[in-house]
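Some notes on the structure that comes next.
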Amino acid sequence: MPNQKQFHVAVVGVTGAVGEQIVRLLDERGFPIRQLKLLASARSAGRKVRFRGEDITVEEATPASFEGVEIAFFSAGGDVSKALVPHAVAAGAICIDNTSAYRMDPDVPLVVPEVNVDGINENKGIIANPNCSTIQMVAALKPLYDRFGMSRIIVSTYQAVSGAGSRAIEEMKRQTADVLAGREVKPDLLPVSSLPVKHPIAFNAIPQIDKFLDNGFTNEEMKMINETKKIMGDDTIEVTATCVRIPVVYGHSESVYVELKRDFDVEEVKRLLAEAPGIVLVDDPSEQRYPLATEAAGRTETFVGRIRRDLGNPRALNMWIVSDNLLKGAAWNAVQIGEYIAIEQP
Ligand code: NAP
Ligand code: 3JN
């Protein structure tokens, strides 16, 4: 693109499951980069990451890391974002934060570009990327919300282990090998690394993602509930969620029941979804075609299928929504926001 401004970009958490995908996408998408700073903890300082034919040395992220940085992607956990994002903003960077640190801050837009891209223009230095399970659900529901209104969402998730970071992928593979070899399984990470009780993930389904709150819901479930209302800009939608970890590496799947405010035609629902940006309709029961985590892995789109009118409520639909949690659920949504800032915004 002629005269395209080139940016000084930083990626914090570059050695992690999400950070690695952010760098890959920046490269693949030809993101306009003049200088790239790669940051992680002191543990990874000195490691090299290859980017556009060059070896870039990973540095320890500190408050002083952001001088001259114009766009900073953060995916190193909420505590790191709370500690370092203010320094990056003070240095003049726009921060695209993948963590929950600022998502519910009323001064911070929480953005899924297909749903509320205008939020980006309201940023005061921070734009929050929603939780992965929320992103794929609102991306698929927004066209229906706009056309028919929406009163209630009931979602159950089937979440991949990569959502819990690189170590969780290794834990699942190790446990699977142990079970198949007849060895004892010793869980040491899931469901929550900082809690004393662990459960096996191999050949299992764990109905706990993150810690429990006093109301009986987990943090992950409350993120889905609160973030959905904020992104849709509608506090009146009733949302309830049950989040479950399953032994899949990439791709979160969701069973979603949604009550609409107006009468609908199922064929129109399918047409709206097929035409929606970032959505791929995969819905042909006669051919056994429906979204699968194995087919969504490595793709940036959100896949929707199994669409059917509810038998008890004619204004309700059931559907199955699948997306790669590290891509649309994290890295791709963040890079989309970055592209809007760097390329599309005047
Ligand atoms: P991960 O694979 O465990 O990677 C964590 C990354 O954070 C690594 O690069 C690690 O660097 C870095 N890090 C840890 N402590 C640090 C510190 N004190 N200073 C600087 N860097 C530090 O985790 P992940 O799956 O990539 O997830 C990272 C974060 O992204 C999560 O905690 C979450 O907040 C967010 N996330 C968001 C979504 C979403 O739904 N949008 C999905 C997944 C994750 P070292 O290699 O040096 O330890
Ligand atoms: O478990 C998953 O599938 C998604 C996990 C997301 C996650 C993991 C650790 C910390 C988050 C998140 O994005 O909400 C956070 C966090 O930033 O709170």
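The values are calculated or read from the model by the stated rules, or taken from the named source; none is laboratory data. Values in this document were obtained by computation on a predicted structure and should not be read as measured data. Heads up, the Cβs are rebuilt from the backbone with ideal geometry, glycines too, and the neighbour counts pull from every protein chain shown. We work out accessible area using only protein heavy atoms, side chains counted, and drop any ligands, DNA or RNA first. Shrake-Rupley method; radii C 1.70, N 1.55, O 1.52, S 1.80 Å.
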Original post:
Is it true that residue 253 is more than 16 Å from ligand 2 (Cβ to nearest atom) and not basic (Lys, Arg)?
Top reply: no
**OP:** For residues that are open to solvent by 40 Å² or more (accessible area, probe 1.4 Å) and in a loop (DSSP other than H, G, I, E, B), scanning just the stretch 265-290, find the one that is farthest from residue 307 (Cα to Cα).
**Re:** 277
Original post:
Counting only residues that are more than 15 Å from ligand 1 (Cβ to nearest atom) and among the charged types (D, E, K, R), which one in the stretch 158-189 is modelled with the lowest pLDDT?
Top reply: 186
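I'd like to know if the stretch 89-101 contains one or more residues that are open to solvent by 70 Å² or more (accessible area, probe 1.4 Å) and under 26 Å from residue 134 (Cα atoms). Give the steps one after another, and end with the answer.
Initially, the stretch 89-101 is screened for residues open to solvent by 70 Å² or more (accessible area, probe 1.4 Å), giving 90.
Next, from what is left, pick out any that are under 26 Å from residue 134 (Cα atoms): none.
Looking for residues that are open to solvent by 70 Å² or more (accessible area, probe 1.4 Å) and under 26 Å from residue 134 (Cα atoms), one finds none in the stretch 89-101, hence no.
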Original post:
List pairs: first in the stretch 35-48 and without any contact (Cβ under 8 Å) to a residue 12 or more places away in the chain, second in a loop (DSSP other than H, G, I, E, B), Cβ under 7 Å, 6+ apart or cross-chain?
Top reply: none
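Here is a yes/no grid of residues against (1) out of contact with any strand residue (DSSP E or B) (no Cβ under 8 Å at 6 or more places or on another chain); (2) open to solvent by 10 Å² or more (accessible area, probe 1.4 Å):
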position: 240; (1), (2): no, yes
position: 246; (1), (2): no, yes
position: 298; (1), (2): yes, yes
position: 308; (1), (2): no, yes
position: 327; (1), (2): yes, no
position: 331; (1), (2): yes, no
Original post:
For the stretch 72-79, does any single residue satisfy the condition of being at positive phi, within 16 Å of ligand 2 (Cβ to nearest atom) and in contact (Cβ under 8 Å) with a residue 40 or more places away in the chain?
Top reply: yes
Subject >> Pairs where the first residue, in the stretch 172-186, is at positive phi and the second is open to solvent by 60 Å² or more (accessible area, probe 1.4 Å), C-beta under 9 Å, 6+ apart >> reply: none
Subject >> Of all residues making up the stretch 171-209, the number that are closer than 14 Å to residue 246 by Cα and of a type in the set (Asp, Glu) >> reply: 1
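Inspect all residues belonging to the stretch 141-151 and state whether any of them is in contact (Cβ under 8 Å) with a residue 12 or more places away in the chain and part of a loop (DSSP other than H, G, I, E, B).
Yes, that holds for at least one residue.
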**OP:** Identify the single condition in (1) under 30 Å from residue 121 (Cβ atoms); (2) within 16 Å of ligand 2 (Cβ to nearest atom); (3) of a type outside the set (Ser, Thr, Tyr) that residue 322 does not satisfy, given that it satisfies every other one.
**Re:** (1)
